[in-house]
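Please read the structure below before turning to the comments.
Read-outs throughout are calculated quantities, based only on the coordinates presented, and are distinct from any laboratory measurement. Just so it is clear, the model here is predicted, and its values are computed rather than measured. A quick note on method: Cβ atoms are made from the backbone with ideal geometry, for glycine too, and the neighbour counts reach across all protein chains shown.
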Amino acid sequence: MENLETLIIGSGPAGYTAAIYAARADLKPVIYTGLEPGGQLTTTTEVDNFPGYPQGIDGPTMMVQLQEQAERFGTEVRVGFINNVEFSSKYGGIHKVITDSGKEINTRSIIISTGASAKYLGIPSEQRLRGGGVSACAVCDGFFYKGQEVALVGGGDTAAEEATYLAKICSKVTMLVRKDHMRASKAMQHRVNNTSNIDLKYNTEIDEVLGENVVEGIRMKNNITGSTEEIKITGLFIAIGHKPNTEIFKGKLEMDQEGYIITKGKSTSTNIPGVFASGDVQDKEYRQAVTAAGTGCMAALDAERYLQSIPNVNGS
Ligand code: NDP
């Protein structure tokens, strides 16, 4: 059993920024990194839009630097995850959490920054070949397909970014967009259109991923004409968005229909006193590293104010 002032769950830009502010406010934060230490940015290449990096920075380096910055002010970073939570609904109450190693922690405030995870199509052949050539992270796995032909599904900014990344490594990238247009920003679309080895196919979906133990090809279907076509590829990348990592909080915190945690007004407060949420876990709108970091800062300030207010509540 351990007693804490502030526990931070999740180690993306939101979690580490919350840690920097909480540590500087002397809240002695402990951060549990979760299953993907550093969060989604560790699976990205160049981050060109985070203010303060005029030449851009690669995602993993940025996350290491954020961790070092949080540790400089006394944050304790633990590689592990939280299995279960038991919130107190009482103002000033003690929240209990259980870690993956069975350790029980009592804490007066919690900042949830568990982020979001990649979605998959859900078709059986895709699920069967996950790890056998189907991946949701071009940056993690693209290297394995050097000089080979691959396909990618999705039409958002992630898909556009990953397609151009893969095009530098692979001989050809067939990009499948289910509508007759892409959702990605104009700048990203421009990049895709100007990359000669990306073969962009609109109104096209995956009918089946081919191959027994490893990906050998895909059968694509035009959703207007119904016609199908098979191509040979060795890697299939899925880039169709994300879902919030809120499984362990279901039924314990207010969430929207998609499972994003609901925060009050402009604050990071949830419906439980002393429990705050920051980053992608409560934001399906902006989902940027810089906005996640901004809400991480807000969560630490909200937690600090909350903890300061508790003695008054208790009459001391
Ligand atoms: P998005 O939700 O923006 O896009 C998802 C894409 O996948 C859409 O084209 C969608 O199609 C398609 N899709 C969804 N489900 C399926 C399916 N079952 N089959 C086929 N296609 C499907 O997700 P992103 O991850 O691309 O982006 C998330 C957020 O992060 C956005 O706000 C984006 O701007 C931001 N981002 C910013 C970056 C940057 O600024 N550098 C880089 C990456 C992301 P449809 O349009 O038909 O729904």
Under a GNM of the chain (C-alpha, springs under 10 Å), which listed residue has the highest mean-square fluctuation: Y286, Y32, Y21? Y286
Applying the Karplus parametrisation 6.51 cos²θ - 1.76 cosθ + 1.60 with θ = phi - 60° to the phi angles of the stretch 117-125, what ³J(HN,Hα) value in whole Hz is obtained for each residue in order, glycine and proline being reported as x? 10, 5, 8, 10, 5, x, 7, x, 5
Find which of F237, P124, A167 sits farthest along the positive direction of the dipole of the stretch 120-238, computed with +1 on the beta-carbon of Lys and Arg, -1 on that of Asp and Glu, about the Cα centre. A167
Spin-label model distance (nm) - K243 vs D180, 7 Å beyond Cα toward Cβ: 3.1 nm
Helix 157-169 versus the longest principal axis of the chain: what is the Cα-based angle in degrees, 0 to 90, to the nearest 10? 60 degrees
Sorted by number, the cysteines in the chain with no other cysteine beta-carbon under 4.7 Å are C170, C297
Binning at 5 angstrom from zero up to the longest distance, how are the C-alpha pair distances of the stretch 194-309 distributed in percent? 2, 9, 14, 14, 11, 8, 9, 10, 9, 7, 3, 2, 0
For the chain, built as a Gaussian network whose Cα springs stay under 10 Å, the top-fluctuating residue of A277, A23, A14: A23
To the nearest µm²/s, what D does Stokes-Einstein give for the chain at 20 °C and 1.002 mPa s, using the Kirkwood radius over alpha carbon pairs as Rh? 103 µm²/s
Taking amide H atoms as placed 1.01 Å from N in the peptide plane, list the residues 5 or more away in sequence, or in a different chain, whose amide H sits under 5 Å from that of H242. K119
With only Lys, Arg, Asp and Glu charged, each at its Cβ (+1 for the first two, -1 for the last two), find how big the charge dipole of the stretch 120-238 is about the Cα centre; round to the nearest 20 debye. 300 debye
Long-range amide H partners of L200 with built H, under 5 Å: M175
Antiparallel bridge percentage (DSSP; both residues within the stretch 24-122; nearest 5): 75 percent
Based on a Kirkwood Rh over C-alpha pairs, give the Stokes-Einstein translational diffusion coefficient of the stretch 1-115 at 25 °C and viscosity 0.890 mPa s in µm²/s. 169 µm²/s
Fewest to most Cβ atoms within 10 Å: H242, H190, H95 sort as H190, H242, H95
In nm, what is the difference between 0.36 nm times the number of residues separating D256 and I310 and their Cα-Cα distance? 16.6 nm
Could you please rank C140, C297, C170, placing first whichever residue has the fewest other Cβ atoms within 10 Å of its Cβ? C140, C297, C170
Return the sequence-ordered ³J(HN,Hα) values of the stretch 261-269 in whole Hz as given by the Karplus equation 6.51 cos²θ - 1.76 cosθ + 1.60 applied to θ = phi - 60°, using x for Gly and Pro. 6, 8, 10, 8, x, 8, 8, 9, 5
For every other residue with a beta carbon closer than 12 angstrom to the beta carbon of F81, add +1 if it is Lys or Arg and -1 if Asp or Glu, then tell me the sum. -1
For n ≥ 4 DSSP H runs only, could you compute -39500 (n - 2.57) per run for the chain, divide by its residues and tell me the 222 nm figure to the nearest 500? -8000 deg cm²/dmol
Helix 289-313 vs. the chain, principal-axis angle (Cα, 0 to 90°, nearest 10): 20 degrees
Expressed as a whole-number percentage, the relative contact order of the stretch 34-151 with C-alpha contacts under 8 angstrom and at least six residues apart is 19 percent
Mean projected area in nm² (Cα convex hull; one quarter of hull surface) for the stretch 120-238: 6.4 nm²
Highest-fluctuation residue, T268, T225, T75 considered, GNM on the chain with Cα pairs under 10 Å: T225
Listed by chain and number, the lysines with an alpha carbon less than 29 angstrom from that of K201, same-chain partners under 8 positions apart left out, are K119, K146, K168, K172, K179, K186, K221, K232, K243, K284
Cβ-based charge dipole, the stretch 120-238, positive-most Cα from V192, G217, V134: V192
Using only Cα atoms, find the angle between the long axis of helix 59-72 and the longest principal axis of the chain, and express it within 0 to 90 degrees, rounded to the nearest 10. 10 degrees
